[in-house]
Amino acid sequence: MTVPLWLWIATVGGLLALIALDLVIVDHKPHAIKPAEAARWVIFYIACAVVFGIGIWVFAGHDPGVEFFTGYITEYSLSVDNLFIFMIIMASFKVPAIHQHRVLLVGILLALAMRSVFIAVGAALIAQFVWVFFLFGAVLIWTAISMLRKKDEEEEYHENAVTRWVRKVAPVTNDFHGHKYTVKVDGKRMITPMLVVIVAIGSADLLFAVDSIPAIFGITQEAFLVFTANAFALMGLRQLYFLLGGLVEKLVYLSYGLAVILAFIGAKLVVHALHEYHVAPDWLDINNWVSLGVIVVVLAITTVASLAKAKKDERARVPAE
């Protein structure tokens, strides 16, 4: 797939225009996002991703089209699992409801910028060294095992090194000051919790990229598709946060499903590397349609099973009359 420079520029410009639209319409007047408003925006961003994917399918061919949709679904599903961490961070910093959208917007923009560097480095490594597929595959399989091991552990937020460093660089005020990132207190410049929580969200999402970036490289090695799938998944994540709310906690089997998906993609990467070294037999090939089918089926099963368990648990908590 040949991607001319003008298409890169147009795509990035279009994504920035969507972000600007979001800022003007949603964030111009800070307010608590209601589920109905969030649902409209989620549908809008999914529609944008679908239209973009159809454009890839029509103009570049069905293989790149399938790769984009498979990558987008994978990145979006991994992002849903990360929403719970975002909720913990928001609660830990006691972010007012009217400021949560701005925190997610700026934090995720930082994450996308940093992920772009990861994508560029990953694409360059894959183009030069076949053994990188083994490395990415091992990372995904290890991540899948770790997800299963930590599933029953209680989730608790601990500030990472980046957030702790920000606190050391400048003093932090005790309270939020609207959307301001810095204020003067008694003539001394201080940063506000608004800036710290944005750094916390952005750096946390960057850590999530350790598994999501190798995962999508297991689906496509085209940097343009990797970047756009990540971008559309992250852009729709903010509104999904407000739409799902407590529903994320009900998806109790989602981590198991994601672990299966990551292990599957990890195995696919290893098989791909073996093919590059002419070791694996020709029949041992996992094509794009198989990948898309496995991911959709696993997500469907885990979602239905999670919601069924949540409903069963709710009935069990209702005292018998």
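The values are calculated or read from the model by the stated rules, or taken from the named source; none is laboratory data. A quick note: this is a predicted structure, and the numbers were derived from the prediction, not measured. Backbone-built Cβ (ideal geometry, glycine too); neighbour counts: all protein chains shown. Surface accessibility is based on the protein's heavy atoms, side chains included, excluding ligands, DNA and RNA. Shrake-Rupley method; radii C 1.70, N 1.55, O 1.52, S 1.80 Å.
Could you state, as a whole-number percent, how many of the C-alpha pairs of the range 82-162 are farther apart than 18 Å? Within the range 82-162, distances greater than 18 Å cover 63 percent of Cα pairs. Packing-based ranking of 250-260, 288-298, 102-112 yields 102-112, 250-260, 288-298, ordered from highest to lowest mean Cβ neighbour count within 10 Å. Taking 23 Å as the limit for the C-alpha separation, the pairs LYS180/LYS250; LYS250/LYS312; LYS34/LYS309; LYS94/LYS168 exceed it in the case of LYS180/LYS250; LYS34/LYS309. The simple spin-label model puts a point 7 Å past each Cα toward its Cβ; for VAL3 and LEU135 those points are separated by 2.1 nm. If all Cα-Cα distances of the range 133-262 are sorted into 5 Å bins from 0 onward, what percent lands in each bin, rounded to whole numbers? Over the range 133-262, the share of Cα pairs per 5 Å bin runs 2, 8, 13, 16, 18, 15, 12, 8, 5, 2, 1, 0 percent. Summed over the residues of the range 76-137 and divided among them, the accessible surface reaches 40 Å² per residue at a probe radius of 1.4 Å. Across all C-alpha atoms in the range 35-187, the radius of gyration and Dmax reach 19.8, 62 Å. Counting only protein heavy atoms and a probe of 1.4 Å, the accessible surface of the range 67-151 is 75% carbon and sulfur. Coupling constants for the range 83-97 follow from the phi torsions by the Karplus curve (6.51 cos²θ - 1.76 cosθ + 1.60, θ = phi - 60°), and in residue order they are 4, 4, 5, 4, 4, 5, 5, 4, 5, 5, 8, 6, 6, x, 4 Hz; glycine and proline get x. Taking only protein heavy atoms and a 1.4 Å probe, what accessible area per residue, in Å², does the range 1-49 have with all protein chains in place? That works out to 60 Å² for each residue.
Considering all different alpha carbon pairs of the range 163-227, the Kirkwood hydrodynamic radius works out to 14.1 Å. Ordering HIS275, HIS158 by accessible surface, largest first, gives HIS158, HIS275; the 1.4 Å probe counts only protein heavy atoms, with every chain in place.
To the nearest 10 degrees, how steeply does helix 100-128 sit against the main Cα axis of the chain, on a 0 to 90 scale? That works out to roughly 30 degrees. Using all pairs of distinct alpha-carbon atoms, the Kirkwood hydrodynamic radius of the chain works out to 21.1 angstrom.
Remark on VAL130: its backbone amide H falls under 5 Å from none of the residues 5 or more positions apart or on other chains, H modelled at 1.01 Å from N. Across the accessible surface of the range 163-254, with the other protein chains kept in place and a 1.4 Å probe, carbon and sulfur atoms take up 57 percent. Taking a point 7 Å from the Cα of LEU274 along the Cα-to-Cβ direction, the residues of the range 106-150 with backbone N closer than 18 Å to it are 130-142.
Overall shape of the range 187-321 was characterised from the C-alpha gyration tensor. The equivalent ellipsoid obtained from it has semi-axes of 34, 28, 12 Å, in decreasing order. The accessible area of ILE265, taken with all protein chains in place and a 1.4 Å probe, comes to roughly 0 Å². A 1.4 Å probe over all protein chains sorts ASP285, ASP22, ASP186 by accessible area into ASP186, ASP285, ASP22, starting with the largest. Distance from the alpha carbon centroid of the range 205-268 to that of the range 81-120 works out to 14 angstrom. A DSSP coil position with no more than 15 other Cβ atoms inside 10 Å describes the following chymotrypsin sites (Phe, Trp or Tyr not before Pro) in the range 70-166: PHE129.
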